[in-house]
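All remarks here apply to the structure that follows.
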Amino acid sequence: MMLKLLILDRDGVINYDSDAYIKSVEEWIPLPGSIEAIAQLSKAGWTVAIATNQSGIARGYYDIATLEAMHARLRALVAEQGGEVGLVVYCPHGPDEGCDCRKPKPGMLKIIAEHYKVPLAGIWFVGDSLGDLEAAKAVDSQPVLVKTGKGEKTQAKNLPVGTLIFDDLAAVAAELINN
Ligand SMILES: O=P(O)(O)OC[C@@H](O)[C@H]1O[C@@H](OP(=O)(O)O)[C@@H](O)[C@@H](O)[C@@H]1O
Ligand SMILES: [Mg+2]
Ligand SMILES: [Zn+2]
């Protein structure tokens, strides 16, 4: 049976985002319902992976240890609710480094798909930025926009054809679990 894989963007989808970047564990604050949504998905048999741009590393705003501490906190909060978080992939590079992993390039989605040995076609990728949706489209995944984080601003842009729109991650989870 095919793995039920869901890929999430992080900032603005799981936790509050900031134009000043999320630079510490203290600044990493879950959005309402997001931890519960991940735990419920996990308990319903979904594998929840994360693909996140973290140019704050290249910009020197925080280091890898701090980033990993944020992800340890995420994992602990989801585990408290009986769920688990799958592979977390991040792009530590700056916009001008020409890497293959920074969204809107689909490199991180490809890494996740390879890790779980599943095709990317049709896999839901949930994000709040246009780059998230474009990354999904580039590999024939399903672009899903949430209105949290930068999502409301993104909604006003020219979205990839077929983009699904939900209020937040909890609404995405309800859709996937109940249908
Ligand atoms: O939404 P994800 O991919 O999880 O992470 C986004 C963050 O890495 C940061 O990405 C930056 O974009 P630039 O990297 O400076 O273009 C800005 O949008 C920040 O506000 C934001 O916190
Ligand atoms: Mg985001
Ligand atoms: Zn990169």
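The values are calculated or read from the model by the stated rules, or taken from the named source; none is laboratory data. If you're wondering where the values come from, they're calculated on a predicted model, not measured in any experiment. Methodologically, a virtual Cβ is constructed for each residue, glycine included, from the backbone with ideal geometry; neighbour enumeration extends over all protein chains shown. Protein only, heavy atoms only, side chains kept; ligands, DNA and RNA dropped before computing areas. Shrake-Rupley method; radii C 1.70, N 1.55, O 1.52, S 1.80 Å.
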Among the aspartates and glutamates, which fall within straight-line cross-link reach of Lys153, defined as a Cα-Cα distance under 20 Å, with same-chain neighbours fewer than 8 residues apart omitted? Asp9, Asp11, Asp17, Asp19, Asp128, Asp132, Glu134, Asp167, Asp168
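Considering all projection directions equally, how large on average is the shadow of the alpha-carbon convex hull of the range 19-82, in square nanometres?
Working: hull surface 18.6 nm².
Projected over every direction and averaged, the Cα hull of the range 19-82 covers 4.6 nm².
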Report the per residue volume, in Å³, of the convex hull enclosing the C-alpha atoms of the range 49-96. 57
Using only Cα atoms, locate the centre of the range 139-162 and the centre of the range 1-39, then give the distance between them in Å, rounded to an integer. 16
Past 23 Å, Cα to Cα, is the threshold; run Lys43/Lys150; Lys43/Lys157; Lys110/Lys147; Lys43/Lys137; Lys4/Lys110 against it and keep the listed order. Lys43/Lys150; Lys43/Lys157; Lys110/Lys147; Lys43/Lys137
Roughly how many nanometres apart are two label points built 7 Å out from the Cα toward the Cβ at Ala58 and Ile111? 1.3
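Once neighbouring chains are kept in place and the probe is 1.4 Å, which whole percent of the accessible area of the chain is contributed by carbon and sulfur? Walk me through the numbers on the way to the answer.
Numbers: 4310 of 8210 Å².
Roughly 53 percent of what the probe reaches on the chain is carbon or sulfur.
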Which three extents, in angstrom, do the Cα atoms of the range 1-154 have along their principal axes, listed largest first? 43, 35, 29
Select from the chain the helices, each a whole stretch of DSSP H, whose alpha-carbon atoms run 20 Å or more along the helix axis and whose Kyte-Doolittle mean is at least -1.0; answer none if there are none. 64-80
Can you give the convex hull volume per residue for the Cα atoms of the range 1-46, as a whole number of Å³? 74
Given the -39500 (n - 2.57) contribution per DSSP H run of 4+ residues, what per-residue ellipticity at 222 nm results for the chain, rounded to the nearest 500 deg cm²/dmol? -10500 deg cm²/dmol
Among Ala121, Ala20, Ala58, which one shows the highest mean-square fluctuation when the chain is modelled as a Gaussian network with alpha-carbon springs under 10 Å? Ala20
The chain, Gaussian network, Cα under 10 Å: of Ala136, Ala113, Ala49, the residue fluctuating most is Ala113
If the elastic network links every pair of Cα atoms under 10 Å, which of Lys103, Lys147, Lys43 fluctuates the most in the Gaussian network model of the chain? Lys43
I'd like the accessible area for Lys117, computed on protein heavy atoms only with a 1.4 Å probe and all protein chains in place. Round to 10 Å², please. 150
Would you mind working out the accessible area per residue for the range 89-141, using a 1.4 Å probe, and quoting it in Å²? 45
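Under the Kirkwood approximation applied to all pairs of distinct alpha-carbon atoms, what is the hydrodynamic radius of the range 103-179 in Å?
Its Kirkwood hydrodynamic radius stands at 12.5 Å.
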